[in-house]
Each structure stands twice: as C-alpha cells, then as structure tokens.
Amino acid sequence: MSNLIPFQDERTYKYGFKNSYGSIIIAPVYNECREFSEGLAACNFGRWGFINERGDTIIPFKFFRVGDFSFGLACVNIDNIWGYINKQGKIAIKPKFSMAHDFFKDSQGNIYAIVAMPEKNVIREFVIDTNGKIMDRI
C-alpha cells in the first residue's frame, strides 16, 4: 500500500501525488490519476499508462482506458477491445473482450475476473482465470 495520494492542482486542474504529510512527490502534470495498486498508478497523459512511486513511466501512455493492477495484471483497452497486461506492459491475456474488470480473489482463494464478449450474436459475461481461460458463464 502506497502512502502517496493523488491530488488535483487548483490552478492547473492537473493531477499529481502527495505524501501523507502533504508534500508534493510527483508533480501535477497528468489529466487524471488513480491510487497506486501493486506499486503502479494508472495516469492519463493524453492516453492511459502507468507510473511508479518516483513518477517514472513504467508502462507507456498508449491505452484508451485501463483498470488497476490486481494479482499482477491490469485490464487495458486497445482499439476498443479489452485484454490484460502484466507489470512489464506485455500482453498477458490477448485483447478479445468487449468489457473487462480487475481480478479478484473468491472465498476459496481462486483468482478470477469478469469479462464480456460475443457468443452466438449476444454479449455474454464470463468468469476467466489469470491465464484467460473461461471458467464459467454468468
């Protein structure tokens, strides 16, 4: 859990990060930022990408939309199709979904995500594992 908190500059309306004492750690240069998850924060700089707690760009700003990292993966929208990347920015689950959510752990300790994609001319929701394997239909 990071002690950096996103904030919006009142003059420029840009986002950056402050520490718990209110000191600016990452300058407000982003159009939007989310809290850090697994050491990376999703930020928008024209497009979405990910930065570390020093403000270094770790995953380039090239995505239309993104989720947060959970269990080492983040959903990303590439050309209006969702897939998942790892923390190095490499495709981990090929983009093929019309919608995707962050991964979560169920009560038995299994890690899943909810996605949607066409099936027989209807958009259906599915449960996938971290390899992209369909585990169940919803």
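Where a number appears in this text, it was derived from the coordinates with a stated rule and is not lab data. Note that the structure is predicted; figures quoted are calculated from it, not measured. Glycine gets a Cβ as well: all are built from the backbone with ideal geometry, and neighbour counts include every protein chain shown.
The table for this structure:
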| quantity | calculated |
| --- | --- |
| Pairwise label distance in nanometres, R124 with I111, each label 7 Å out on the Cα-Cβ vector | 2.6 |
| HN-Hα J in Hz across the range 88-94 - Karplus 6.51, -1.76, 1.60, θ = phi - 60°, x for Gly and Pro | 8, x, 7, 5, 9, 10, 3 |
| DSSP loop trypsin sites (Lys or Arg not before Pro) with at most 10 other Cβ within 10 Å excluded, longest remaining stretch of the chain | 12-53 |
| Relative compactness, the range 81-138, computed as alpha-carbon Rg over 2.2 N^0.38 Å | 1.11 |
| Gain upon complete extension [Y21, S98; 0.36 nm per residue less C-alpha separation] | 23.6 nm |
| Additional length obtainable on full extension of the chain from K90 to T12, 0.36 nm per residue less Cα span | 24.8 nm |
| Average projection area in nm² (convex hull over Cα atoms of the chain, one quarter of hull surface) | 9.5 |
